[in-house]
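Every number here is computed from the coordinates shown, using simple stated rules; none is lab data. For clarity, every value in this text was computed on a predicted model and none was experimentally measured. Methodologically, a virtual Cβ is constructed for each residue, glycine included, from the backbone with ideal geometry; neighbour enumeration extends over all protein chains shown.
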Amino acid sequence: MHQELREHIIKLLNTGIRLDGRKLTEYRKPIEVEQGVVKTAEGSARVKIGETDVMVGVKLEELGPPGIQAIELARVVDRGIRESKALDFRKLCITPKEKIWMVIIDICPINDAGNLFDASSLAALAALKNAAYPKFDGEKVDYKEKTSKKLDLEKTPIAVTVIKIGDKFIVDPDIEEEKAVDARLTVSSIEDGTLCAMQKGGDYPLTTEDIDKMLDIGIEKAKELRKHL
Amino acid sequence: MPYTKRIDGRKFDETRKIEAKVGIIPRADGSAMFKIGNTWAYAAVYGPRNLHPKFLQDPQRGILRCNYNMMPFSSSGERVRPGGSRRSKEISLVTGKALLPVLDLEEYPNSVVDVFIELPQTEAGSRCAGICAASMALADAGLEMKDLVSAVSAGKVDDKLVIDLDYAEESYKDGSVADIPIAIMPNSGKITLLQMDGEIKKDELMRLIDMAKKALNDIYEIQKKALKEKYHEVEM
């Protein structure tokens, strides 16, 4: 479908340049992380990577024994954050076997100019870091009053999506590059380089060597992105 | 206790602080932001573009589709469940009716103009903020328009007529409250949205509409200014 575009992109990549003049493993600039943008949320953040613009809000709800809906919702929460154990779920317990806090992260893209994966993951983490518990008197949650108690984040899992086009690997694809993707690997890693989640996408397979290289890029670039938090 | 002074200290005919900006979503054909107090609306316009499925097409004129959506974290209380509610569907409908009179859709047969209104943060007056943002976004999209649309809520708190009710006034407990969102086409003064809940006498309503028109002229100036900030006049 985008054969001509794809060929053009590959020709350029072979010279080490991308459509917009970036290097292969260079993120768009500026990367902006703004926390606490939405007063009605317990935590919020807005992340811009180039023209890509994502808003994330965290709501905290008090919940009785988890029902099927809560279980389902919990599974939808970003795997990177969950699997890295960035949030200690034991600390979300209000009274054992009775009441817990449910943390819900909602991601609302404002402008999709490519690489929503990484922008959303960064925004989700920034919003979590920004989140404070609302007041709870044992019966009702008072959302009008935030306490000074923050959600503890013990780790900062960062997702980096590495894209394969032809035999080249790039990060932070724009819209045109996303149309030409052969394969994609989203790699979430924490401070010490431990991987905590992955997702392969795209229509084409990857070799072991590909994955080796993509993981290296993913872990390296995560360190760079983490500085923006 | 009679309502002698507004809870947040505003004059009775004074709106909350307003901010407006045009062209904030580069991927949309037209976009705008309208913030009034703690209520914050984005609007994105896509189109005119081909309408699918085809049986929805009108060979005489294009159609306008509006979608009003509160982001899940936008309410000061519990999280808003995503997906449309009866409330958001109705607001989407009346928003479309409020905007339609300024458009000339006969220019675009078989097409659709989509308007998406998203609210990251709300505290009363969200449909009016959405309409203000949407009309600027339609202009930004380059659609031919007869006028802009400006909207604000007017109302009565206890025995006082007020403009732009905030949450505390909407939920005023010590007296009756009427909440009346109004949208007008500022140049003709014609009204394109009028809703109300609460209690009010007819002569009070008529006075209130006059009060709202004055506030709406100020809002219109803010909308025009935001548009002109994006589209500078070129000296030849």
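What the table below lists for this structure:
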{"item": "Compactness of the protein assembly as shown - radius of gyration and Dmax, Cα, Å", "result": "24.8, 79"}
{"item": "Listed residue pairs exceeding 25 Å between alpha carbons, taken from B:K21/B:K202; A:K155/A:K200; A:K39/B:K225", "result": "B:K21/B:K202; A:K39/B:K225"}
{"item": "Length gained when the stretch A:E83-A:D142 is fully extended (0.36 nm per residue, less Cα-Cα span)", "result": "18.2 nm"}
{"item": "Average partner coverage of A:137-143, which counts Cβ from other chains inside 10 Å", "result": "1"}
{"item": "Under the span-like rule (Cα at least 30 Å along the axis, Kyte-Doolittle mean at least -1.0), DSSP H helices of chain B", "result": "B:202-230"}
{"item": "Inter-part distance where segment B:155-197 and segment B:118-141 are each reduced to a Cα centre, Å", "result": "17"}
{"item": "Peptide A:39-48 - average C-beta neighbours from other chains (10 Å radius)", "result": "4"}
{"item": "Choice from A:A86, A:A119, A:A127 with maximal GNM fluctuation in chain A (Cα, 10 Å cutoff)", "result": "A:A86"}
{"item": "Whole-Hz couplings from phi, Karplus 6.51/-1.76/1.60, listed for segment A:125-141; x for Gly and Pro", "result": "5, 5, 5, 4, 5, 8, 6, 10, 5, x, 6, 9, 9, x, 10, 10, 8"}
{"item": "Residue-averaged [θ]222 nm for chain B, counting only DSSP H segments that reach four residues, each worth -39500 (n - 2.57)", "result": "-8500 deg cm²/dmol"}
{"item": "Sequence-separation-based contact order of chain B, relative, with Cα cut under 8 Å and 6+ spacing, percent", "result": "23"}
{"item": "Environment charge at A:E34 (Cβ cut-off 10 Å; Lys +1, Arg +1, Asp -1, Glu -1)", "result": "+1"}
{"item": "Gap separating the Cα centres of segment A:154-176 and segment B:1-60, nearest whole Å", "result": "35"}
{"item": "Segments B:203-209, B:65-71, B:125-131, A:220-226 sorted - mean Cβ within 10 Å per residue, highest first", "result": "B:125-131, B:65-71, A:220-226, B:203-209"}
{"item": "Virtual paramagnetic centre 7 Å along Cα→Cβ of A:D192, amide N under 19 Å, in segment A:202-220", "result": "A:216, A:219-220"}
{"item": "Partner aspartates and glutamates for A:K99 [C-alpha distance under 19 Å; skip if fewer than 8 residues away on the same chain]", "result": "A:E42, A:E61, A:E62, A:E72, A:D88, A:D137, A:E139, A:D142, A:D152, B:E78"}
{"item": "Average beta-carbon neighbours from other chains, 10 Å sphere, peptide A:101-112", "result": "4"}
{"item": "Taking the convex hull of Cα positions in segment A:3-226, its mean projected area over all directions (nm²)", "result": "13.2"}
{"item": "Max mean-square fluctuation residue, GNM over chain A, Cα-Cα springs under 10 Å, options A:T207, A:T186, A:T95", "result": "A:T207"}
{"item": "Per-residue [θ]222 nm for chain A (sum of -39500 (n - 2.57) over DSSP H runs n ≥ 4, rounded to 500)", "result": "-8500 deg cm²/dmol"}
{"item": "Value of relative contact order over chain A, rounded to a whole percent, pairs C-alpha under 8 Å and six or more apart", "result": "21"}
{"item": "Cα centroid of segment A:18-67 to Cα centroid of segment A:211-229, whole Å", "result": "17"}
{"item": "Amide H within-cut-off set for B:L165, under 5 Å, with H built and near neighbours excluded", "result": "B:S153"}
{"item": "Protection proxy ranking, peptides B:220-233, A:146-159, average beta carbon neighbours within 10 Å, highest first", "result": "A:146-159, B:220-233"}
{"item": "Over 28 Å (Cα to Cα) - which of A:K146/B:K156; A:K48/A:K129; A:K59/A:K179 fall in this group", "result": "A:K146/B:K156; A:K59/A:K179"}
{"item": "Rounded to the nearest 20 debye, dipole of the protein assembly as shown from Cβ charges on Lys, Arg, Asp, Glu", "result": "660"}
{"item": "Burial order of peptide ranges A:47-57, B:15-25, B:179-189, B:77-87 (average beta-carbon count within 10 Å, highest first)", "result": "A:47-57, B:179-189, B:15-25, B:77-87"}
{"item": "Positive minus negative residues near B:E144 (Lys, Arg vs Asp, Glu; Cβ under 15 Å)", "result": "-4"}
